[in-house]
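Q: Handing you a structure now.
The values are calculated or read from the model by the stated rules, or taken from the named source; none is laboratory data. This is a predicted model, so every value here is computed, not measured. FYI the Cβ positions are ideal-geometry reconstructions off the backbone, even for glycines, and counts take in every protein chain you see. The accessibility values were calculated without ligands, DNA or RNA, using every heavy atom of the protein model including side chains. Shrake-Rupley method; radii C 1.70, N 1.55, O 1.52, S 1.80 Å.
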Amino acid sequence: MRLACGGQTYIFNKEGFAVNSGWIQFNNKWYRPNADCSLRSGWWRDHSHDSNNQQHWYYFLPDTHEMLSYVIAAIDGKYYAFYESGILICGKWVQSTNGSWYYANAGTGEFARNQWVRSGSDWYYFTNSFTLATGTIKIGNEYHTFRSDGVWIGKGLG
């Protein structure tokens, strides 16, 4: 059972006790309680480590407290993507359901915006709308030309 009380939200087990640790699945959504049993909201870093010695970030919606998963989401004007497990994607390419490509920056997971990204030996540029530049566009005071797959060809009008 889920209950809101005093500005906080809690989930109770079948014995009637508020759950205060671990992951909780309720109505096909995932939640994580704080030590006082209230449900988390906002960013949370799991301090345990996976097999690659990595710590993971998760985001819990402020209004419902559910964990974001398998989604691209706008949070405070920035865009992020999350694996199905809810872990924030960092340092990787992300493809949306409409086929657009984005890049989730290493460390922050924030989508590249007005930013150059190097992948292998190729350079890419992400525009103000987070999209991969193609064709010829003006960046600063110079024109740059990109292939249809976003790879930078060079400066000047294509």
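Q: Under a plain spin-label model, where a point goes 7 Å from the Cα along Cα-to-Cβ, how far apart in nm are residue 69 and residue 117?
A: For residue 69 paired with residue 117, the spin-label model returns 2.5 nm.
Q: What does the charge dipole of the chain about its Cα centre add up to, to the nearest 20 debye, if the Cβ of each Lys and Arg holds +1 and the Cβ of each Asp and Glu holds -1? Write down the numbers at each step before the final one.
A: Numbers: 13 positive and 12 negative charges, 49 e Å.
So the magnitude is around 240 debye.
Q: Provide Rg and Dmax in Å for the chain, with only Cα atoms included in the calculation.
A: Values for the chain (Cα only, Rg and Dmax): 20.2, 70 Å.
Q: Could you go through region 124-133 in sequence order and give the Karplus-derived ³J(HN,Hα) for each residue, using 6.51 cos²θ - 1.76 cosθ + 1.60 with θ = phi - 60°, rounded to whole Hz, and x for Gly and Pro?
A: Whole-Hz 3J(HN,Hα) from phi for region 124-133: 10, 10, 9, 7, 4, 9, 6, 8, 6, 5.
Q: Moving to a separate point now. Given the options 98, 152, 9, identify the residue whose Cα lies farthest towards the positive end of the charge dipole of the chain (+1 on Cβ of Lys, Arg; -1 on Cβ of Asp, Glu).
A: 152
Q: Test of understanding: extend the Cα→C-beta vector of residue 28 to 7 Å, then name every residue of region 93-124 with backbone N under 20 Å from that spot.
A: Within reach of a label on residue 28: 97.
Q: Given a 1.4 angstrom probe, what's the average accessible area per residue across region 19-158, in square angstrom?
A: 59
Q: Which shape class applies to region 35-98: rounded if a/c is under 1.5, otherwise prolate when a/b exceeds b/c and oblate if not, where a ≥ b ≥ c are the square roots of the Cα gyration tensor eigenvalues? It would help to have the intermediate numbers written out before the result.
A: Working: a/c = 2.19, a/b = 1.15, b/c = 1.90.
Here region 35-98 falls in the oblate category.
Q: Leaving out ligands, DNA and RNA, and with a 1.4 Å probe, what % of the accessible surface on region 1-147 is carbon or sulfur?
A: On the way: 4170 of 8920 Å².
Carbon plus sulfur share of accessible area: 47 percent.
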